[in-house]
Amino acid sequence: MKRLNRTVFFPPIILLVFTVLLSQLYGDEFVSTLQVANQWILDHFSGLFSWTALLILGLVIVVYFSKLGRWRIGGSDARPILSKWKWFAVTICTTIATGILFWGVAEPIFHFSTPPPNLGITAGSKEAMTFAMSSLMMHWTLTPYAIYTLAGLVFAVSFYNLRQPFSLGSMVSPLFADQMNPNVSNFIDIVCLYGLVAGMAASLGAGLLSVMGGLDHLLGWSKTSWGLALITGAIVVTFIVSAVSGLMKGIRILSDINIRLFILLALFVFLAGPTWALLELGLSGVSEYAAHMVSRSLNLDNVLGQKWFNSWTVFNWANWLAWTPITAVFLGRIARGYTVRTFIIFNLVIPSIFGAVWMMIFGGSALLMDFNQGGVLSESLRANGPESLVYLVLGDLPFAIVVSTVFVLLIFLSYVTAADSNTSAMSALSTSGISLDQIEAPVRIKVIWGVLIGLVAWVMVSSVGIEGIKMTSILGGFPILFFMIAVSMSAVVLMIRSRKVKN
């Protein structure tokens, strides 16, 4: 019988409510405390973030070629829950959220207008364009998706093959000979749930800014706290309704619509824009990314400068890490019936290719527009904020109003889809009695988590804007960093075990 797991549910809820109250009662002091905590993490752990992220990518590659890669998730007789197309659609849409839409245009203009001083690149130059594109490839392709992939496959094997409980603690159970202490498992769930809400709030904050920027562009609605609250409410209500309907209804249908819109929009922008210039810039960005991947991923010899590296690369890894445990639960849950190697292809290879193509098209369009039109986007970034940029890019294309409207809809659906899947997973972790055949949590638990995520996001983006998003991401990802180190060790144990045991 399924019932609320009070031990896991209440501690993160209480901590989050307490956090929101502090932010409202002691606004300036709260922000200052966040800044101090954020800076302390960056000063002491930026190297651990970067080394862990890169080593996880290497570990996933090793797993692919190991005997563990041959294992079928759920056992040799397991049958897939989703077709490969549905699996692809759900995976892409639940891992992208609004990040790729917001940062795909905003991030390259930051790098183009203010490249790292240590590289000696002139702002606004062709070299700055190539650097900006290569940075997008680093932050949005192989390394971050490897983090999701490793956690997802370890959870899938632990839950389906080793018959461990539906808990994040199951992901480290191989380290304890599959005998995980329930109290330790509950503690892991509590910490990861708290970290995830911080990460989801950061992503929703980016989505709120993007939607608000779109409404300002299309209808002249200026950004206000109450306007942000209305948009937050609409998103939260929609993803709660979808999550309540379950995996085979809401999430599957929304993902199918969402991925088709992604593809159609990308094709239109690619063909209507400077197609050949986009291809040339994309290829030069990939080439530079490949040539400098290790040195820039680790900031060897301080090649990027510590301040820039912390503000961008470490921020990105922390943001992805904050989402990782709960996303892994969902990705692992829908992977039953496929082999570990197929899991890696659909969760690492294909999403990385998709992300690279998207960044080439949208990031490239922004960079070329800024370069050819005298820094129009860089100026708007300084004057109006990053949420204004994508609509200037889309406004330079045919059918600008229609395309911008579709983009606003896509932002809305993207966050709804991602939050839908994660709310479903968070609720399941907060529920006792979850089994292989009964993974859906009660409706009331989904509603509570959905409302709380929206509240935290609204408070953060209303109080401290884009910098608040960055701080929230880093603080959310910090505890998950250590959890993922343990998960990586579990993956090594599973590889060793796979050499002795047939699946």
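The values are calculated or read from the model by the stated rules, or taken from the named source; none is laboratory data. Predicted model only: the values in this text are computed from it and were never measured. Neighbour counts are summed over all protein chains in view; Cβ atoms, including those assigned to glycine, are modelled from backbone coordinates with ideal geometry. Areas reflect the complete protein model, heavy atoms only, side chains present, ligands, DNA and RNA absent. Shrake-Rupley method; radii C 1.70, N 1.55, O 1.52, S 1.80 Å.
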Exactly one of Ala318, Ala277, Ala291 is assigned to a helix (DSSP H, G or I), within 22 Å of Ile61 (Cα to Cα), open to solvent by 20 Å² or more (accessible area, probe 1.4 Å) and out of contact with any strand residue (DSSP E or B) (no Cβ under 8 Å at 6 or more places or on another chain), and that one is Ala291
Taking the condition open to solvent by less than 10 Å² (accessible area, probe 1.4 Å), more than 15 Å from His139 (Cα to Cα), within 16 Å of the chain's Cα centre (by Cα) and not aromatic (Phe, Trp, Tyr), does Val329 pass?
yes
Of all residues in segment 325-353, how many are closer than 22 Å to Gly58 by Cβ and part of a helix (DSSP H, G or I)?
19
Given the options Gly375, Gly385, name the one that is touching a residue at least 12 places away in the same chain (Cβ under 8 Å), within 21 Å of Ala128 (Cα to Cα) and in contact with a Gly (Cβ under 7 Å, 6 or more places away or on another chain).
Gly375
Considering only residues that are within 24 Å of Ile92 (Cα to Cα) and at pLDDT 95 or above, which ones fall in segment 287-312?
Tyr289, Ala290, Met293, Ser297
Residue satisfying condition, being open to solvent by less than 10 Å² (accessible area, probe 1.4 Å) and in a helix (DSSP H, G or I), within set Met133, Met129:
Met133
Could you go through segment 20-33 and let me know if any residue there is in a helix (DSSP H, G or I), at pLDDT 90 or above and small (Gly, Ala, Ser).
no
Candidates Ile61, Ile14, filtered to the one that is exposed (fewer than 13 other Cβ atoms within 10 Å of the Cβ) and among the aliphatic types (A, V, I, L, M):
Ile14
Among Ser113, Ser125, which is the only one that is free of Cβ contacts under 8 Å to residues at least 60 places away in the same chain and not β-branched (Val, Ile, Thr)?
Ser125
Pick out the one residue from Phe412, Phe371 that is more than 19 Å from Leu219 (Cβ to Cβ) and in a helix (DSSP H, G or I).
Phe371
Checking the structure you have, find out if any residue of segment 253-268 is open to solvent by 60 Å² or more (accessible area, probe 1.4 Å), more than 18 Å from the chain's Cα centre (by Cα) and at pLDDT below 85.
yes
Just checking, does segment 423-443 include any residue being part of a helix (DSSP H, G or I), modelled with pLDDT under 85 and open to solvent by 50 Å² or more (accessible area, probe 1.4 Å)?
yes
Note: among Gln35, Gln39, just one is touching a residue at least 24 places away in the same chain (Cβ under 8 Å) and either farther than 17 Å from Ile344 by Cβ or crowded, with 20+ Cβ neighbours inside 10 Å (or both), namely Gln35
When you check Leu119 against the structure, is it open to solvent by 10 Å² or more (accessible area, probe 1.4 Å), under 30 Å from Val197 (Cβ atoms) and either modelled with pLDDT of 90 or more or among the polar types (S, T, N, Q) (or both), yes or no?
no
With the condition kept exactly as written, say whether any residue in segment 456-463 is at pLDDT 70 or above and farther than 30 Å from Glu387 by Cα.
no
I'm trying to understand the selection: among the residues of segment 42-54, which are of a type in the set (A, V, I, L, M, F, W, C) and open to solvent by 20 Å² or more (accessible area, probe 1.4 Å)?
Phe45, Leu48, Trp51, Leu54
On the given criteria, is Leu162 more than 28 Å from Asn38 (Cβ to Cβ), among the hydrophobic types (A, V, I, L, M, F, W, C) and either buried (at least 21 other Cβ atoms within 10 Å of the Cβ) or modelled with pLDDT of 80 or more (or both)?
yes
How many residues, within segment 350-396, are under 15 Å from Gly214 (Cβ atoms) and open to solvent by less than 30 Å² (accessible area, probe 1.4 Å)?
11
With Ile469, Ile480 as the choices, which residue is modelled with pLDDT of 80 or more and either assigned to a strand (DSSP E or B) or open to solvent by less than 20 Å² (accessible area, probe 1.4 Å) (or both)?
Ile480
If you go through segment 68-77 one residue at a time, do you hit one that is under 16 Å from Leu142 (Cβ atoms), aliphatic (A, V, I, L, M) and buried (at least 20 other Cβ atoms within 10 Å of the Cβ)?
no
Arg3 fails exactly one of the following numbered conditions: (1) modelled with pLDDT of 80 or more; (2) over 21 Å from Val459 (Cβ atoms). What is the number of that condition?
(1)
Would you be able to tell me the number of residues in segment 92-126 that are in a loop (DSSP other than H, G, I, E, B) and within 15 Å of the chain's Cα centre (by Cα)?
2
Flagged in segment 79-92 as in contact with a Phe, Trp or Tyr (Cβ under 8 Å, 6 or more places away or on another chain), of a type in the set (A, V, I, L, M, F, W, C) and within 12 Å of Ser421 (Cβ to Cβ), in numbering order, are Ile92
